[in-house]
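Structure, as structure tokens:
The values are calculated or read from the model by the stated rules, or taken from the named source; none is laboratory data. Predicted, not measured: the structure shown is a model, and the values here were computed from it. Cβ placement follows ideal geometry from the backbone for every residue including glycine, while neighbour counts extend to all protein chains displayed.
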Amino acid sequence: MKSLVGLGAYGIPEACRFARVNVRTANRWMAGGGQDRRDRLFKPDLPPVDGRYALSFLDLVDLLVVGRFREEGVSLQTIRRVYGRLRDSLDTPHPFSHRRLLTDGRTIFMETVDLVGGDAHLQEVLSGQRAMPEILKPYLKQIEYAPETETAVRWNIATGVVIDPARSFGKPVIAAEGTTTFVLARSYFANGEDADLVADLFDVSPEAVRQAVAFEGEFTPCAA
């Protein structure tokens, strides 16, 4: 069995909660439809268990990027073709988790779209005021990349909160203290919404408790 240490593991509903993607849509991107899996966009790192998929941290970042593309109206066919082309040119199974999307995104996408034959809407997005890097930049700036591989290693998803596959199996934690947001928020509501009391119980700052509560309140479960 593949070790999850340093890899992260997220059920589809959990991953969709962080990436803000519809659960049913994400399942289709992972599993596809029919025997030929023709709707599949990319294959997750983790094998399915009883037909249910889970995502690694890098899968999660890929899902985040695909979700933002779809919000902009970029066709799934174009995303699939660009994903495949970038996978080959960057020599990585996770091209949407690569630093180049942040550092020279417009160039790399323009080159790739030219090679795959283009897409009218994508060309418009790339050449217009809302160029592709500008669509992704608010999200990609939250990502930290490994200098050796240039792939994503952690996601500073909210103020004081980080998703790091090397910490708590990738569950959201308070960056400074390391306690999961779920535990702190649940304890907060179980103790009369007393942040100081919860801070004493878990040896964290009251601000950490408030950050955890804010995060859990903002990132609620997505629709199925």
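Being at pLDDT 95 or above, over 22 Å from GLY217 (Cα atoms) and out of contact with any Pro (no Cβ under 6 Å at 6 or more places or on another chain) is true for just one of VAL153, VAL173, VAL162. Which residue is that?
Just a single option satisfies the conditions, and that option is VAL153.
Kindly indicate which of GLY51, GLY105 is modelled with pLDDT under 80 and assigned by TED's automatic domain parsing to the domain that holds GLU14. Step through it out loud before you land on a result.
Values: GLY105 fails: assigned by TED's automatic domain parsing to the domain that holds GLU14.
After applying the criteria, what remains is GLY51.
Can you tell me which residue among LEU58, LEU86, LEU63, LEU7 is among the aliphatic types (A, V, I, L, M), in a loop (DSSP other than H, G, I, E, B) and modelled with pLDDT of 80 or more?
On inspection, the qualifying residue turns out to be LEU7.
Please determine, by comparing only the residues of segment 126-149 that are closer than 12 Å to THR103 by Cβ and outside any loop (DSSP other than H, G, I, E, B), which one is modelled with the lowest pLDDT.
Filtering segment 126-149 for residues that are closer than 12 Å to THR103 by Cβ and outside any loop (DSSP other than H, G, I, E, B), the one modelled with the lowest pLDDT comes out as PRO133.
Please find, among VAL204, VAL173, VAL161, the residue that is buried (at least 20 other Cβ atoms within 10 Å of the Cβ) and more than 21 Å from ALA9 (Cα to Cα).
That would be VAL204, the only listed residue that is buried (at least 20 other Cβ atoms within 10 Å of the Cβ) and more than 21 Å from ALA9 (Cα to Cα).
Looking at (1) at pLDDT 95 or above; (2) farther than 30 Å from GLY11 by Cβ, find the lone condition where GLY117 falls short.
(1)
For segment 166-224, enumerate the residues that are of a type in the set (Asp, Glu) and over 20 Å from the mean Cα position of the chain (by Cα). Lay out the reasoning, then the answer.
To start, the set of residues in segment 166-224 that are of a type in the set (Asp, Glu) comprises 177, 193-194, 196, 200, 203, 207, 216, 218.
The answer is GLU177, GLU193, ASP194, ASP196, ASP200, ASP203, GLU207.
Which residue pairs have Cβ atoms under 8 Å apart, sit 6 or more places apart or on different chains, and have a first residue in segment 11-30 that is in the same structural domain as GLU216 (by TED's automatic domain parsing) and a second that is surrounded by 17 or more Cβ atoms within 10 Å (Cβ to Cβ) and of a type in the set (Lys, Arg)?
Qualifying pairs under 8 Å: none.
Mind listing just one residue for me: the one in segment 24-48 that is assigned to a loop (DSSP other than H, G, I, E, B) and modelled with pLDDT of 85 or more and, of those, farthest from THR92 (Cα to Cα)?
Keep residues of segment 24-48 that are assigned to a loop (DSSP other than H, G, I, E, B), which gives 32-48.
Then drop every residue that is not modelled with pLDDT of 85 or more, which leaves 44-46.
Values: PRO44: 13, ASP45: 13, LEU46: 16 Å.
Residue satisfying both the conditions and the ranking: LEU46.
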